[in-house]
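Please read the structure below before turning to the comments.
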Amino acid sequence: MPKHDTPLLDELEKGPWPSFVTDLKRQAATKPECWDILGQVELSYKDRITHWKHGGIVGVFGYGGGIVGRYSDVPKEFPGVAHFHTVRVNQPSGLYYSTENLRGICNLWQKYGSGMTNMHGSTGDMVLLGTTTPNLEPLFYELTHDLKQDLGGSGSNLRTPSCCLGKSRCEWACYDTQALCHFLTNKYQDELHRPAFPYKFKFKMSGCPNDCVAAQARSDFAVIGNWRDDIRIDQAAVKAYVKGDYPSNGGAHAGRDWGKFDIQKEVIALCPTGCMWMEGDVLKIDNSNCTHCMHCINVMPRALRPGKEQGATICVGAKAPILDGAQFATMIIPFMKVDAENEYEEVVEQIEKIWDWWMEVGKNRERVGETIQRVGLPTFLKVMEVEPIPQHVREPRSNPYVFWESDEVEGGFERDIREFRKRHAQ
Amino acid sequence: MGYNPDKPMEDRITDLGPRHFADFLPPVVKKNFGKWLYHEITQPGVLMHKAESGDECWTVRVGAARLISIDHIREICDIADKHCEGFVRWTTRNNVEFMVDSKAKVQPLIDDLKSRGNKFPIGATGASVSAIVHTQGWVHCHTPATDASGVVKAVMDEIFDYFTSMTLPAQVRVALACCLNMCGAVHASDIAILGVHRKPPMIDHDAISGLCEIPLAISACPLGAISPLKTTNSAGEEVKSVKVKNERCMFCGNCYTMCPAMPLADPDGDGIAILVGGKVSNSRSMPKFSKLVIPFLPNTPPRWPETVAAVKNILDTYAKDARKYERVGEWAERIGWEKFFEKTGIPFTIKSVDDYRLAYDTWRTTTQFKFTSHVK
Amino acid sequence: MALSKDELKAALLAKATKAPKPQLYIKDFYECDPDAKPREIKNIANEMVREGTLMFWSSGSTTMYALPSRIKNEETREAAEDNK
């Protein structure tokens, strides 16, 4: 495959940030199809438009997801990328790798693909970019037999679940996000590989309300770690922060002189519920008014920790704007234990309740958040068999148009107009 | 025994899921799993996590393009083999983390990383701009309105100092999605760079019957702008096709997703919109959506100077004006969006006034506002 | 009265053969047996894919089902063009 001139892309080899152009050129030494990637992208830079076509039907046998078809619309000029399908490989929870495993994947992709990847795709998969249909089955064979791992999801499937690094290296994780993510991914392999739903469905698991995997913004079923007892306080460490012995926010602001740490201004005044105060040099928290926003804990990680009664809050129905506008996930279950011992029974029960209902009621290409919008939160709460509580709303409704049902009203809706007319002339 | 193309179903393994994460944890992480006490950022890009056992896990975080080669991954493996007992991890924002179990091992690791040109910039901790999460763009996507990797590279070059330092009022999350489908879910980012189309789809009457199912194309439109049409193709044959009511089109591209005979990408029509002020974290204020402040900037490869300047301007203004801990959206809400436009010098246009569904929520229904220069 | 598994398969096959459009959403199959749970229909449809009677068709974001003989894909189209 010949090298193409890429004067426009060459401009992106300049500057301090790592250059994908330099990287592609380096890889082209052993994977010459990378010259055709560069060539086609250069053409797009010249034409200011994409040169990729729709996917269509590509996959490994029996799977309805995991491979996304892609074709060049200028295949004669760039035969190395004429067929250029994407392979999604399910990532390990928390995105840790052994180099042995990574090298195995690199060797597999050297053999069957373009040599280019995304670490990682937006949903969380390892994304291997660019291969041909005949390569798919052998690649899948070696992926499963030699590397003992599997493809991720695409299409109207359960999408590859993802989580934050959780308890592996974070002191704030209120449950083991990686374990739950791994468990659910395995439990629902059928839903992940074969379409089951009106549209895509995503699980994301964050260990605390800082929500580092954006579960609240991006997942149909968000499991966000939370605690329901008192924030744990080390008063000696509070004093050390006040004295300036420890850096605020774990050193996150060390690059600029923000002046001496001021607990009143930086912690107490920024508490959204005003539930903190100092008594002398002792920090007090009215935990019954705390909304678990994490600000004080973030600012003084050595003095404050989430409480000990830990679990998760379940929020349902987030999505990006396509089509009715973006939605955050709505809080449905304020607190539940996330327990590996009973195989996450409570979590599983909620998931399947949603699926059974949404598979029945959801329209084609409708995310569950849109279905909830369409039928209303009250209906969804009934589906979930959840007692309505003030926590489900930011504020009560301001319009009076309540959908009363017949059996909620004394005597029901059936009335006799003749009886009515006996007392009320027309 | 390898794959046998004559018997593709022989010894087939399916549904075995991902590898178990426990196989991939560095020893210090595995030993102290769930027993971490606190963390501290000791310098930009270096984190120390302290465990109850007294153990320390030192992490050096480096930036990476999202589009990387297997040779680059192999180089990452070489570094991890040399310094980190053969383990490494990625963050959700495409950064790479090298972990060692003592402070003494940090500097040799940093020296090694720095000796490899600009491939491994150290940073992305605390009050910094972390790596920009993004989508495929012209490198691999069929519906983009702009490129992704190139725009990100150009922007990161310009704001590089914010990546390697911790001088901002809070962390700033920048994200790019190359069309309104938003695979990148940029809708809750401090600064979102979004590819947008501005021309309605063309209709390929010659190809539509072979490529598309007409009912799917019609039902794909959220605004009912597509309707059936009997017309003649270029060969003079009568064909069933569709027509588009252009004034109803909101340029979402959903029809093209369902019907490849309705392309809407265009060199002049496509470009970039800038949205700001979103956040995901529940810290202090509730999660927020990003808001559209610049409706359109042209596609100007290879380095998109207009987009780069717009992002830099917003960041610089925020860095100067916001209070410690304030995210971009919290700052904009405290000073008021009219002040945001005044301070950044971004012209306010009618395109920032919502006229889609649920729009009323964003209209001002109070006499409380500030008399900025916008009030003539 | 719910259909037997074989009856259900025959109904799905008839639907996929006769439907005006070749690609069908999983929901389109629900009407084959209103008494069956969506999950049962999904399992039957996926079993038919394993048997080769049906195939998956994907736009990338949406997956549908189709009769293999009713689907033209990029590669068969290219092959057809090459043979012209």
Taking the 0 to 90 degree range and rounding to the nearest ten, how far is the long axis of helix A:177-187 tilted relative to the main principal axis of chain A, both from C-alpha atoms? 70 degrees
Under 16 Å from residue B:35, Cα to Cα: aspartates and glutamates that are on another chain or at least 8 residues apart: A:171, A:176, A:309, B:52, B:55, B:56, B:101
Whole-Å semi-axes of the ellipsoid equivalent to the stretch A:124-203 (Cα gyration tensor, √5λ, descending): 26, 17, 11
Per-residue [θ]222 nm for chain B (sum of -39500 (n - 2.57) over DSSP H runs n ≥ 4, rounded to 500): -6500 deg cm²/dmol
Where Lys and Arg each count +1 and Asp and Glu each count -1, what net charge lies around residue A:96 among other residues with Cβ under 11 Å from its Cβ? +2
Less than 15 Å apart at the alpha-carbon level, and either on another chain or at least 8 residues along: which aspartates and glutamates does that give for residue B:243? B:204, B:206, B:213
For chain B, set up a GNM with springs between Cα atoms under 10 Å and report which of B:239, B:293, B:28 has the largest fluctuation. B:239
Three-way shape call for the protein assembly as shown based on the alpha-carbon gyration tensor, with the a/c threshold at 1.5: rounded
Give the Debye-formula value of log10 I(q)/I(0) at each listed q (0.20 Å⁻¹), with one equal scatterer per alpha carbon of the stretch C:5-67, two decimals each. -0.69
What angle do you read, to the nearest 10 degrees and between 0 and 90, between the alpha-carbon axis of helix B:305-321 and the longest principal axis of chain B? 60 degrees
Any chance you could look up the accessible area of residue C:70 with a 1.4 Å probe, heavy atoms only, rounded to 10 Å²? 80 Å²
Within chain A, helix-based [θ] at 222 nm, where runs of 4 or more DSSP H residues each add -39,500 (n - 2.57), nearest 500: -8500 deg cm²/dmol
Lys and Arg at +1, Asp and Glu at -1: neighbours of residue A:107 with Cβ under 13 Å from its Cβ sum to 0
If packing is taken as the average number of other Cβ atoms within 10 Å across a peptide's residues, how do B:174-187, A:171-184, A:6-19 rank, most packed first? B:174-187, A:171-184, A:6-19
Leaving ligands, DNA and RNA out of it, work out the accessible area of residue A:352 with a 1.4 Å probe and give it in Å² to the nearest 10. 60 Å²
Heavy atoms of the protein only, probe of 1.4 Å, neighbouring chains included. What is the accessible area of residue B:362 in Å², nearest 10? 90 Å²
Cα convex hull of chain A: how many Å³ per residue? 243 Å³
Add +1 for every Lys or Arg and -1 for every Asp or Glu among the other residues with Cβ under 12 Å from the Cβ of residue A:250, and state the total. 0
If packing is taken as the average count of other Cβ atoms within 10 Å, what order do A:362-371, B:141-150, B:211-220 fall into, highest mean first? B:141-150, A:362-371, B:211-220
Which order do you get for B:240, B:312, B:288, A:76 if you rank them by accessible area with a 1.4 Å probe, largest at the top? A:76, B:240, B:312, B:288
Going from most exposed to least, what order do A:403, C:29 have by accessible area with a 1.4 Å probe? A:403, C:29
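If a/c stays under 1.5 just call it rounded; otherwise compare a/b with b/c (prolate if a/b is bigger, oblate if not). Do that for the stretch A:7-145, with a ≥ b ≥ c from the square roots of the Cα gyration tensor eigenvalues.
oblate
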Label model pair residue B:348, residue A:5: point-to-point distance (7 angstrom along the Cα→beta-carbon line) in nm is 5.0 nm
Measuring from label point to label point, each 7 Å out along Cα→Cβ, what is the residue A:386 to residue A:346 span in nm? 1.3 nm
Can you tell me the 0 to 90 degree angle between the C-alpha axis of helix A:99-112 and the longest principal axis of chain A, rounded to 10? 60 degrees
Just reorder B:140, A:83, B:374 by solvent-accessible area, largest first, 1.4 Å probe, all chains present. B:374, A:83, B:140
Within the stretch B:63-171, how many lysine pairs that are 8 or more places apart, or on different chains, have C-alpha atoms less than 18 Å apart? 7
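The values are calculated or read from the model by the stated rules, or taken from the named source; none is laboratory data. The structure presented is a predicted model; accordingly, all values stated were derived computationally and were not measured. Reconstructed Cβ throughout: ideal geometry from the backbone, glycine too, with neighbour counts over all protein chains shown. We work out accessible area using only protein heavy atoms, side chains counted, and drop any ligands, DNA or RNA first. Shrake-Rupley method; radii C 1.70, N 1.55, O 1.52, S 1.80 Å.
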